[in-house]
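Single-structure report; data block below.
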Amino acid sequence: MTRIIGARVPRNEDARLLTGRAQFVDDVELNGMLHVAFRRSEYAHARLTGVDVSAARAREGVVAVYTASDLGDYWRPGPLLVPPPPIPGLVFHQATQVPLARDKVRHVGEPIAMVVATSRYLAEDAVEDIVVDAEPLEAVVDLERALAPDAPVIHEAIGSNLAAHAVQRKGDYDAARARAALVISRRFLYDRGASAAIETRGVVAHWDAHAEQLTIWDTTQAPIPIRNGLAAMLGLLESQVRVVAPFIGGGFGPKIMMFYPEEVLLPWAAIRLGRPLKWIEDRLESFTATTQERGQVHEAELAVDAEGRILGVRDRFVHDTGAYDPYGLTIPINSQCTLLGPYRVPAYESEFRVAFTNKTLVTPVRGAGRQHGVFVMERLLDLAARRLGIDRVEIRRRNYLRADEFPYNHGILFQDSAPLVYDSGDYLPALEEAARIVDYDRFVREVQPRLRAEGRRVGLGIVSYVEGTGIGPYEGARVTVEPSGKVRLATGVGTQGQGHFTSFAQVVAEVLGVAVGDVHVITGDTSVFSWGTGTFASRGAVVAGSACHAAAHAVRAKAIALAADVLKVDQSCLEVANGRVAVAEDPGRGIALGELARLANPLRGAVRPGTEPGLEATAYFGPERGSTASGVHAMEVEVDPETAMVRITRYVVVHDCGRLINPLIVEGQIQGGVAHGIGNAFYEQLKYDESGQLLNASFMDYLLPTASEVPPVEISHVETLSPLNPLGVKGVGEAGCIPTGAAFAQAVEDALGDSGLEILEIPLSPTRLYELLQGRGLSP
Amino acid sequence: MSSPERVRVRVNGTPYERPAEPRLLLSDFIRHELCLTGTHVGCEHGVCGACTVLLDGEPVRSCLLFAVQADGREITTVEGLALASDTLNPLQAAFRECHGLQCGFCTPGILMTMTALLRDQPDPDESTVREALSGHLCRCTGYQHIVQAVLLAAEQMGAR
């Protein structure tokens, strides 16, 4: 039988998306629907002294206007979505977002009042009628300044802007440093970008008073936790609340929050008004009201021996969480853990402080802090290699964990509170393969010197990373064979474009011997499947995929048992293929799965005690810890010495995400991730001024890379199976964008040759690179 | 608030007549008045290209036009590309074949621009496709599979 897992299968969901039939949240139209717009803070930090909504309420077409005081007991700060892991000595101060600002606003874009009107146009007119009286306070923008003793305090109840402090260590770094042949110490900067899904966020809420049923369409990556949380807040049974995450136009992390204010407010108001409500975020709102990521400052040092072997690393960094910290410490712990990379680091001391600032909230964005760790470690290794006169590839080779060292315990805790243990990996083949594809030796020996002699500044970057993926707690799936022979697969993890309708279908199709197109996947609707957590941390294929696999096997066992009864043969002589269960030696003697499904659901007659109806099974999968994907990125660039513009001329990814379910989808994930990473490295930066105003809140000013900037990506796969799940898979969703900044920095530095320029910050931009070059006297 | 005007348009061959306020965007008119929700809105300031439709055959950003400006004109949206609702035209089929879409939100706009491109230049090279595509933002794909899809579609349409 041809393997379906591992095949380049075109996607089941594409026909709907390509013909305009796929339903996104803004496509939901309901009778009597009203539209919502928000009055948001224009100040980054201010005391609210009055909100006058009387003119807005009086405007024709306005149905209701709400402020914090109208919410009564419903006004409360959101939950802490991810409690911090039990790191000894950890300090964590919780300050979560509120539905509508009361007394104080803490970032530009924070909602103050909600307008409900008969059209969005009228609702926005009424937003302009609202008069907000506020006393501006000094804004806390710079994340290091935020922790200065005299900084203005954002959350008075906490008393300072310190949101968290944690230290994780292993070995004795001071001793390692004392015997090092070389210590490299540098300060590294990483700044914020936007996730910039092309679909903004949106919520539609509908209360059916007759059925006492609340339905919410939400652009969320986590419909089930949203349902459970809203039911609790609204005093409803979980079964009275249905959350549908239909087709979602890109997630990238920020579409998972508990809760965005709009997610809390629309259902509440829909029940009060007895009318369906819709709110769709506009792009300007998205730039200030959808969560962001990546502001960190690291002071890091690397101690190596004379051969470039790592003796230890010390890193002290500050992480910007924005105005609130509902996502706990996921990002800085990812940074802390991912820094160790594929390397043997005998001594590690990592300390971070998390700072509140008067900027939009920070929650994970594709990569979720992993970029920072990779950037710091790879840059330190590059600098050490240069000082020691060791080749860049060679210093990595010398420090890699060996294939026989897995599982490898790093001795610190990961974001999921489990020990940071790598399940499996083999790093050297990926490095050798990447070096081979870019012809590294020839580039260094011939190509670069020749082009440099012609005055051209070309460079190459080659870096490694590992990525913790596929973390728990669990996901589930229900597989049902219908009498038609078609298969229904229901699971809780929604899709934002990752191809769940196909990769999950492939897993089930392979087990049940049916066509991929005959497996109909339903995801992201709590009325169909209501156990699970969501799509995040590159975990869909690993965790939900494994649950699909288990449920399909259970159905397969039921089908075989029933077929054995019907055919009066022993189960062991049956096989499942081509939609039938048949005798292996005599394939003509068999029965279709659909017929078995019909027989398994008799309308009359007695059944054996204990019989379950139908060919259906539900299964759950929870890994004991995450699986570790890895890879090498190599990039060639050419820098224009006059303009400091950088052109990426070649991009190679050698990637190991365990077994590939669908290489087409995996390659799409990697290419998209690389494009995101290129944006982060050279084009995208959220620019805040000293008063906390975002200066580039449009796609005209905030530059997403286009088809002109993103090169083709050459991809090669290495498959080191994960022992932690039956499929052997690891996550892939975030991989493409994690090492891009590090590769870019090394390549640009390499292109600028022996100038001595060190690139210690991301994002760069043509302008910033020009400044750096001028600083070295290198530019015209 | 101004009084509504009558707007008469043909969309995908079907005539429509609806009242529209002068300030109503063409994108909102198509999506919410005509209920053709395949056209998507990503930025409402003319950069992302998700809302692209063909107006008298030429790609335009429907978020940068008022509905009243389309009065008397012919519009094609993504719903009008395939002959029947359960089939794909060669361009759409090539997008599926090459995995030229992930979340699919930007895809309808890209299909409209590429429909016009392939009509005007049936045999484009890669850089021509990339240049036409550079008027669209896609956050998922990294563009490479889209470029491959358009080139494949050109090849297949030329071969017929």
Exercise. Give the relative contact order (percent, whole number) for segment A:101-258; include only Cα pairs under 8 Å separated by 6+ residues.
Key: 14 percent
Quiz prompt | segment B:90-159, relative contact order [Cα under 8 Å, separation at least 6], % | solution = 53 percent
Practice problem: Neighbouring Cβ atoms within 10 Å as the yardstick, rank A:612, A:110 fewest first. | Solution: A:612, A:110
Quiz item: Add -39500 (n - 2.57) for each DSSP H run of 4 or more in chain A, then divide by its residues: what number comes out at 222 nm, to the nearest 500 deg cm²/dmol?
Solution: -7500 deg cm²/dmol
Quiz prompt | 20 Å reach of a label modelled at residue A:174, 7 Å along Cα-to-Cβ, counting backbone N of segment A:287-324 | solution = A:299-304, A:311-317
Quiz item: Each residue of segment A:492-500 in order: what ³J(HN,Hα) in whole Hz does its phi give by Karplus 6.51 cos²θ - 1.76 cosθ + 1.60, θ = phi - 60°, with x for Gly and Pro?
Solution: x, 7, x, 10, 10, x, 6, x, 4
Practice problem: Add +1 for every Lys or Arg and -1 for every Asp or Glu among the other residues with Cβ under 10 Å from the Cβ of residue A:448, and state the total. | Solution: +3
Self-check item: Prolate/oblate/rounded label for the protein assembly as shown (Cα gyration tensor, a/c 1.5)
Solution: rounded
Quiz prompt | Estimated D of segment A:112-160 in µm² per second, where Rh is the Kirkwood radius over Cα pairs and Stokes-Einstein applies at 25 °C, 0.890 mPa s | solution = 175 µm²/s
Quiz item: What are the lysines whose alpha-carbon lies under 27 Å from the alpha-carbon of residue A:730, with same-chain residues fewer than 8 places away excluded?
Solution: A:170, A:255
Quiz item: Thinking of segment B:5-80 as a set of Cα atoms, what percent of all their pairs are more than 18 Å apart?
Solution: 27 percent
Quiz item: Under the Karplus relation 6.51 cos²θ - 1.76 cosθ + 1.60, θ = phi - 60°, what is the ordered set of whole-Hz ³J(HN,Hα) values for segment A:429-444, x standing for Gly and Pro?
Solution: x, 5, 5, 4, 5, 5, 5, 5, 4, 7, 6, 4, 4, 5, 4, 5
Quiz item: Taking other Cβ within 10 Å of each residue's Cβ, how do B:128, B:77 sort, fewest first?
Solution: B:128, B:77
Practice problem: Please give every one of the lysines within straight-line cross-link reach of residue A:568, meaning a C-alpha to C-alpha distance under 23 Å, and leave out same-chain neighbours fewer than 8 residues apart. | Solution: A:558
Exercise. Based on a Kirkwood Rh over C-alpha pairs, give the Stokes-Einstein translational diffusion coefficient of segment A:22-141 at 37 °C and viscosity 0.692 mPa s in µm²/s.
Key: 200 µm²/s
Quiz item: How big is the antiparallel share of DSSP beta bridges in chain A, given as a percent to the nearest 5?
Solution: 80 percent
Practice problem: Once every Cα of segment A:472-621 carries one equal point scatterer and solvent is ignored, give the base-10 log of I(q)/I(0) from the Debye formula at q = 0.09, 0.16 Å⁻¹, two decimals. | Solution: -0.28, -0.81
Self-check item: Peptide ranges A:696-705, A:170-179 listed from the most packed, as the mean C-beta count within 10 angstrom indicates
Solution: A:696-705, A:170-179
Practice problem: Neighbouring Cβ atoms within 10 Å as the yardstick, rank A:124, A:394 fewest first. | Solution: A:394, A:124
Quiz item: Along the three principal axes, how long is segment B:90-159 when you take its alpha carbons, biggest first, rounded to the nearest angstrom?
Solution: 30, 22, 17
Quiz item: In the Gaussian network model of chain B, springs joining C-alpha atoms below 10 Å, which of B:62, B:127, B:27 carries the largest mean-square fluctuation?
Solution: B:127
Self-check item: Computed over segment A:1-115: relative contact order in percent, which uses C-alpha pairs under 8 Å that are six or more apart
Solution: 39 percent
Self-check item: Tensor-based shape of chain B (alpha-carbon gyration tensor, a/c under 1.5 rounded, otherwise prolate or oblate)
Solution: prolate
Exercise. Pop out the Kirkwood hydrodynamic radius of segment A:461-516 from its pairwise C-alpha distances, inverse of mean 1/r, in Å to one decimal.
Key: 13.8 Å
Quiz item: Karplus couplings for segment B:121-138 from phi (6.51 cos²θ - 1.76 cosθ + 1.60, θ = phi - 60°), rounded to Hz, Gly and Pro as x?
Solution: 9, x, 10, x, 8, 4, 5, 5, 5, 4, 5, 5, 6, 5, x, 10, 9, 10
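Quick note: the coordinates plus some simple rules give every number you see, no bench work behind them. Keep in mind it's a predicted model, so treat the numbers as computed, not measured. FYI the Cβ positions are ideal-geometry reconstructions off the backbone, even for glycines, and counts take in every protein chain you see.
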